[in-house]
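The values are calculated or read from the model by the stated rules, or taken from the named source; none is laboratory data. As the structure is a prediction and not an experimental result, all values here were calculated from the model. Don't worry about glycine lacking a Cβ; one is built from the backbone with ideal geometry, like all the others, and counts go over all protein chains shown.
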């Protein structure tokens, strides 16, 4: 293997409209989307995509690079670069966990290229930006020649590298509903160095009603075969008065619930162990960020 | 020596600063030639195997493939490893160098065949068509196993795996333990370390119009052309490397890299050939810092006087000898640290394994023992219930104290001052127990000593030449490989200083094996010391010549004149002066010599008795001190370096920016060696062979380095300078780990690299991970 060389030869196209993109997806075989290329090119260099025949660059479609305000939320299109998302005022104000997750990712040069759509389509169990989208109740919008559809972000992932995206289908945008008042957020990631892939990560987004949790959504990275949405544990917190003890107890439940594996970044035991710590910290800081006190 | 220095010691921009800042500097990979081919190395699939046969017919038959070579095609496939030394030192030091594998394959990265083809892709593909018949064997991957009788023998040429055994002993170690009230003992392990230069190995070769095999390859050792000539069966005059600046070396480009392969392929095809290694190939293939398994036992009286230290070291040489015996001498000599210990015994052994070979890496055997002895001092202090700073103060060497070999360093020893300065800076505010976020704070200081200049029994020398042009500018010619450290520019600075010129008046032409005088290797922290002294010697002769001529013109004796601002002045009346250029014109008119060459020789010694080293091994040492403040999260084991203080006695700074750059760069180079950088060697396979798996710090992972530079004037280089390149990465690793120890209050799990968050967390919980 020589990583200076892309082993397979392929066609490359960069259409100027969404229609053409969908047309190419429908007619060409073994197409891969180039959005930022930060995963795709690495995979090509490693010879991991021997069947790829066509590289479809979506950066020629202007509308796919946009971040648009909608009546009831924000729509981030598939080609929007991570740097444009992290530096967007609307994201900073309404979806701070997403901003923090993006800023915890890789290096500035990678974030200048990479996209949120790519982070989803790569479907890595480690994907940092996915947890916040899940916890904000985000939806993933897809289009093909057959039409458009939408799934909840929490239902998007099936297995490592596998999502619900079908052949001929393009992830066009990630939609985030407007947050309610008294929403608090937290994103916590542990890596070895700053620009590392996560050993483990957690997102917490909760809504506060006085001294009680009205609702809570929790998601974790690097603890399962896909990004893990902790539905039952999050829902179990609804209506409860927030205390340090509740945060501890919930964190212990999370640690007991997850079944992580060991890999070259850390061990299963360590992940289970520190899940307690980051889960507690995330709950406490989400609560404080919502205006709550302890 | 000149007293009122104008230029030396200042932060004057280097001659190559703008080209590098603007991205205009050309490196090995930036050149191309008409009809150029691409070279590629086929490497072994297995770390241990016997080569039963190689069938190259399919590869050779592929259109566009111009040459496929195996060991049988190399005129002289075997030689002894040389590193530019001018003297044959023979037995024990110079191991077998093999161009292409035959017999036993010794490591996964070993080169088996070479291909040259019209394109890089084709060369790559041709390699897959070469059929190699391997008999896969068991292999051995731990030097503690490979030294045992009956172990798998790595090479086909030796009876066992031992590379070298050596010993340094002073006093009576056996009797000394009775004098000790407190004894500490520990096992240490240091990991192989990747150089991680931005530029991988590469270059090109062609045959010039006069049948000279010509290369343009960045290397730390230009003198490899002699080995190449020998292997090719050519005279030394017919192999030339017109080298290029490097994007980093750190010892990794001290061994031969692409040179031999390029020369063979260009001779076989009679066309220019280019070869550049990919990152993975580079990390799988080039040498690493020697992994060392160390055992230390240290004893002291209850008032903190260290009386005895016994050390045993097992070094992993990997697949070949290369620089192992020399690195081993450094480790063995430095093992007892910069401490005055009356009874010392250090025994070391190095052995082959089927791992990637080990060789030079910044610090050259000094960093491994430094980690161990500074960890040992910290534990001894804890057991004595004494501050580690105080324990160090009571035992450090001072001027006049001998090393355990009996040699008394001649340069100044600034440990007392360094400790005081770093302690004052690190503890300028009282240490808080915890940060507001709850993390524990730890602080620690570690010291180190590291030689500069090569082993004195190698009889090292350097030479440079200069020519004063008729307009008063100066051409410097020096075969000094420039790794990016400013190795050539400091020489210009010395010349400009002495001749009263601006640095821009002096231009260096460097690193050509046959057009520039050979300066010797850019290794061993020797260029400023060796070539700086040669330059000083050379320019001093020219200066005298200029002053004599000016004296005859102005009518004042030479010692009343000085050179400054491109003029020769009367010292006590600057109105009496003559332009430098005018003086040069007179010298030229009168037939005076304006071109000079001068050579500087280091001190020479005889080859020591390896069984009991009792002599000088190096010219002098440089002393360092690092201070670190960390915050440790006791719930996760993660730490953050809050402060990093790097202090060094540079003797005399020549270029302030370059000197600070070395000291900052050195601190960062090894900042995360002990904790993060892990090649994940598993049975001879490098699992972390790129920068997404092998983690090096970026600017956000280390704090701003606070440099403290002492200028004692007590070095053997020009103006009393010492070398700082390698010393500056010494003592940072133990300072960090000791700061973690200070924070968590235990030394458990901290002696074996990598000291990960997982191990620190276990230590906090009181779990010994080895039990």
- Message: Can you say whether residue A:38 is modelled with pLDDT of 95 or more, touching a helix residue (DSSP H, G or I) at 6+ places or on another chain (Cβ under 7 Å) and within 14 Å of chain B (Cβ to nearest Cβ), as far as the supplied structure shows?
- Response: yes
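So which of A:2, A:8 ends up being closer than 29 Å to residue B:119 by Cβ, free of Cβ contacts under 8 Å to residues at least 24 places away in the same chain and either away from chain B (no Cβ under 14 Å) or over 27 Å from the mean Cα position of the chain (by Cα) (or both)? Spell out the reasoning first.
Numbers: A:8 fails: free of Cβ contacts under 8 Å to residues at least 24 places away in the same chain.
After ruling out the rest, the residue left standing is A:2.
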- Task: Collect the residues in the stretch B:245-271 that are crowded, with 24+ Cβ neighbours inside 10 Å and part of a loop (DSSP other than H, G, I, E, B), keeping them in residue-number order.
- Result: B:246, B:249, B:250, B:251, B:252, B:253, B:254, B:257, B:258
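Is it the case that residue B:587 is in contact with a helix residue (DSSP H, G or I) (Cβ under 8 Å, 6 or more places away or on another chain) and over 30 Å from residue B:479 (Cβ atoms)? Spell out how you get there, then give the answer.
Numbers: in contact with a helix residue (DSSP H, G or I) (Cβ under 8 Å, 6 or more places away or on another chain): yes; over 30 Å from residue B:479 (Cβ atoms): no.
No, not satisfied.
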- Query: Does residue A:99 fit the bill of being under 13 Å from the mean Cα position of the chain (by Cα) and part of a helix (DSSP H, G or I)?
  - Reply: yes
- Item | Members of the stretch B:698-731 that are within 30 Å of residue A:105 (Cα to Cα) and either away from chain A (no Cβ under 11 Å) or at pLDDT below 95 (or both) | B:698, B:699, B:700, B:703, B:704, B:705, B:706, B:729
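Across the stretch B:395-406, what is the number of residues that are surrounded by 13 or more Cβ atoms within 10 Å (Cβ to Cβ) and either in contact with a strand residue (DSSP E or B) (Cβ under 8 Å, 6 or more places away or on another chain) or under 19 Å from residue B:732 (Cβ atoms) (or both)?
To start, the set of residues in the stretch B:395-406 that are surrounded by 13 or more Cβ atoms within 10 Å (Cβ to Cβ) comprises B:395-397, B:399, B:401, B:403-405.
If we keep only those that are either in contact with a strand residue (DSSP E or B) (Cβ under 8 Å, 6 or more places away or on another chain) or under 19 Å from residue B:732 (Cβ atoms) (or both) as well, we get B:395-397, B:404-405.
Matching residues across the stretch B:395-406 total 5.
Look through B:555, B:592 and report the one residue that is surrounded by fewer than 19 Cβ atoms within 10 Å (Cβ to Cβ), within 25 Å of residue B:464 (Cβ to Cβ) and at pLDDT 95 or above. Before the answer, list the steps.
Details: B:555 fails: within 25 Å of residue B:464 (Cβ to Cβ).
Criteria check complete, one pass: B:592.
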- Task: Using the structure shown, decide if residue B:203 is on the phi > 0 side of the Ramachandran plot, touching a helix residue (DSSP H, G or I) at 6+ places or on another chain (Cβ under 6 Å) and surrounded by 19 or more Cβ atoms within 10 Å (Cβ to Cβ).
- Result: yes
- Test residue B:175 against the criterion of being farther than 30 Å from residue B:754 by Cβ, part of a helix (DSSP H, G or I), outside the structural domain of residue B:37 (by TED's automatic domain parsing) and touching a strand residue (DSSP E or B) at 6+ places or on another chain (Cβ under 8 Å), and give yes or no. yes
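Would you check which residues across the stretch B:669-684 are within 22 Å of the chain's Cα centre (by Cα) and away from every other protein chain (no Cβ under 12 Å) and list them?
Taking the stretch B:669-684 and keeping what is within 22 Å of the chain's Cα centre (by Cα), we get B:669-679.
Listed by number, the residues that qualify are B:669, B:670, B:673, B:674.
Which ranges mark the strands (runs of 3 or more DSSP E) fully within the stretch A:109-180 that have 2 or more residues being buried (at least 18 other Cβ atoms within 10 Å of the Cβ)? Even if it seems obvious, please write down each step before you answer.
Numbers: elements: A:139-144, A:147-152, A:157-159, A:170-177.
Strands (runs of 3 or more DSSP E) meeting the threshold: A:139-144, A:170-177.
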- Note on the structure: Among the residues of the stretch B:14-33, the number that are in contact (Cβ under 8 Å) with a residue 12 or more places away in the chain and part of a loop (DSSP other than H, G, I, E, B) is 9
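Any residue that is within 14 Å of chain B (Cβ to nearest Cβ), closer than 15 Å to residue A:130 by Cβ and touching a strand residue (DSSP E or B) at 6+ places or on another chain (Cβ under 8 Å) - is there at least one of those in the stretch A:161-179?
So the first thing to find is which residues in the stretch A:161-179 are within 14 Å of chain B (Cβ to nearest Cβ), and the list is none.
Looking through the stretch A:161-179, none of the residues is within 14 Å of chain B (Cβ to nearest Cβ), closer than 15 Å to residue A:130 by Cβ and touching a strand residue (DSSP E or B) at 6+ places or on another chain (Cβ under 8 Å).
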- Message: Could you go through the stretch B:666-684 and let me know if any residue there is assigned to a helix (DSSP H, G or I) and surrounded by fewer than 22 Cβ atoms within 10 Å (Cβ to Cβ).
- Response: yes
- Note on the structure: Those residues of the stretch A:197-215 that are touching a strand residue (DSSP E or B) at 6+ places or on another chain (Cβ under 7 Å) and free of Cβ contacts under 8 Å to residues at least 24 places away in the same chain come to a total of 1
- Verdict on residue A:106 being assigned to a loop (DSSP other than H, G, I, E, B) and modelled with pLDDT under 95: yes
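So, of the residues in the stretch A:194-207 that are modelled with pLDDT of 95 or more and part of a loop (DSSP other than H, G, I, E, B), which turns out to be nearest to the other protein chains (Cβ to nearest Cβ)?
A:199
Here's the yes/no breakdown for (1) within 14 Å of chain A (Cβ to nearest Cβ); (2) touching a strand residue (DSSP E or B) at 6+ places or on another chain (Cβ under 8 Å); (3) crowded, with 18+ Cβ neighbours inside 10 Å:
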site: B:623; (1), (2), (3): no, yes, yes
site: B:637; (1), (2), (3): yes, no, yes
site: B:652; (1), (2), (3): no, no, yes
site: B:657; (1), (2), (3): no, no, no
site: B:686; (1), (2), (3): yes, no, yes
site: B:689; (1), (2), (3): yes, no, yes
- Query: Can you name every residue in the stretch A:241-291 that is in contact with a helix residue (DSSP H, G or I) (Cβ under 6 Å, 6 or more places away or on another chain), surrounded by fewer than 14 Cβ atoms within 10 Å (Cβ to Cβ) and more than 14 Å from chain B (Cβ to nearest Cβ)?
  - Reply: A:261
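Give B:732, B:663, B:740 a once-over and let me know the one that is over 24 Å from the mean Cα position of the chain (by Cα) and surrounded by 19 or more Cβ atoms within 10 Å (Cβ to Cβ).
Numbers: B:732 fails: over 24 Å from the mean Cα position of the chain (by Cα); B:663 fails: over 24 Å from the mean Cα position of the chain (by Cα).
Being over 24 Å from the mean Cα position of the chain (by Cα) and surrounded by 19 or more Cβ atoms within 10 Å (Cβ to Cβ) holds for just one of B:732, B:663, B:740, which is B:740.
Answer yes if at least one residue in the stretch B:546-555 is part of a strand (DSSP E or B) and over 22 Å from residue B:8 (Cα atoms), and no otherwise.
First, pick out the residues of the stretch B:546-555 that are part of a strand (DSSP E or B): none.
No, that holds for no residue.
Given the condition in a strand (DSSP E or B) and modelled with pLDDT of 95 or more, answer yes or no: does some residue in the stretch B:604-620 qualify? Steps first, please.
As a first pass, look at the stretch B:604-620 and keep what is in a strand (DSSP E or B): B:620.
Those left that are additionally modelled with pLDDT of 95 or more: B:620.
Yes: the stretch B:604-620 contains one or more residues that are in a strand (DSSP E or B) and modelled with pLDDT of 95 or more.
Determine whether the stretch B:165-176 contains at least one residue that is more than 23 Å from residue B:83 (Cα to Cα) and without any contact (Cβ under 8 Å) to a residue 40 or more places away in the chain.
Initially, the stretch B:165-176 is screened for residues more than 23 Å from residue B:83 (Cα to Cα), giving B:167-176.
From the residues that got through so far, the ones that are without any contact (Cβ under 8 Å) to a residue 40 or more places away in the chain too are B:174.
Yes; the residues of the stretch B:165-176 include at least one that is more than 23 Å from residue B:83 (Cα to Cα) and without any contact (Cβ under 8 Å) to a residue 40 or more places away in the chain.
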- Among what's in the stretch B:61-87 and is in contact (Cβ under 8 Å) with a residue 60 or more places away in the chain and assigned to a strand (DSSP E or B), pick the residue that is surrounded by the fewest Cβ atoms within 10 Å (Cβ to Cβ). B:79
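Report the residue count in the stretch A:16-38 for those that are part of a loop (DSSP other than H, G, I, E, B) and surrounded by fewer than 17 Cβ atoms within 10 Å (Cβ to Cβ). Step through it out loud before you land on a result.
Here is the first cut: in the stretch A:16-38, the ones part of a loop (DSSP other than H, G, I, E, B) are A:16-17, A:28-30, A:35-38.
Next, only the ones that are surrounded by fewer than 17 Cβ atoms within 10 Å (Cβ to Cβ) stay: A:16-17, A:28-30.
The qualifying residues number 5.
Is one or more of the residues making up the stretch B:754-764 within 28 Å of residue B:336 (Cα to Cα) and assigned to a strand (DSSP E or B)?
Of all residues in the stretch B:754-764, those within 28 Å of residue B:336 (Cα to Cα) come to B:754-756, B:759-760, B:763.
Okay, now just the ones that are also assigned to a strand (DSSP E or B), so none.
No, the stretch B:754-764 contains no residue that is within 28 Å of residue B:336 (Cα to Cα) and assigned to a strand (DSSP E or B).
Of the residues in the stretch B:407-442, how many are over 30 Å from residue B:717 (Cβ atoms) and either surrounded by 20 or more Cβ atoms within 10 Å (Cβ to Cβ) or under 26 Å from the mean Cα position of the chain (by Cα) (or both)? Spell out how you get there, then give the answer.
Start the filter on the stretch B:407-442 by keeping residues that are over 30 Å from residue B:717 (Cβ atoms), which leaves B:427-442.
From what's left, either surrounded by 20 or more Cβ atoms within 10 Å (Cβ to Cβ) or under 26 Å from the mean Cα position of the chain (by Cα) (or both): B:439-440, B:442.
Residues flagged as over 30 Å from residue B:717 (Cβ atoms) and either surrounded by 20 or more Cβ atoms within 10 Å (Cβ to Cβ) or under 26 Å from the mean Cα position of the chain (by Cα) (or both) within the stretch B:407-442 amount to 3.
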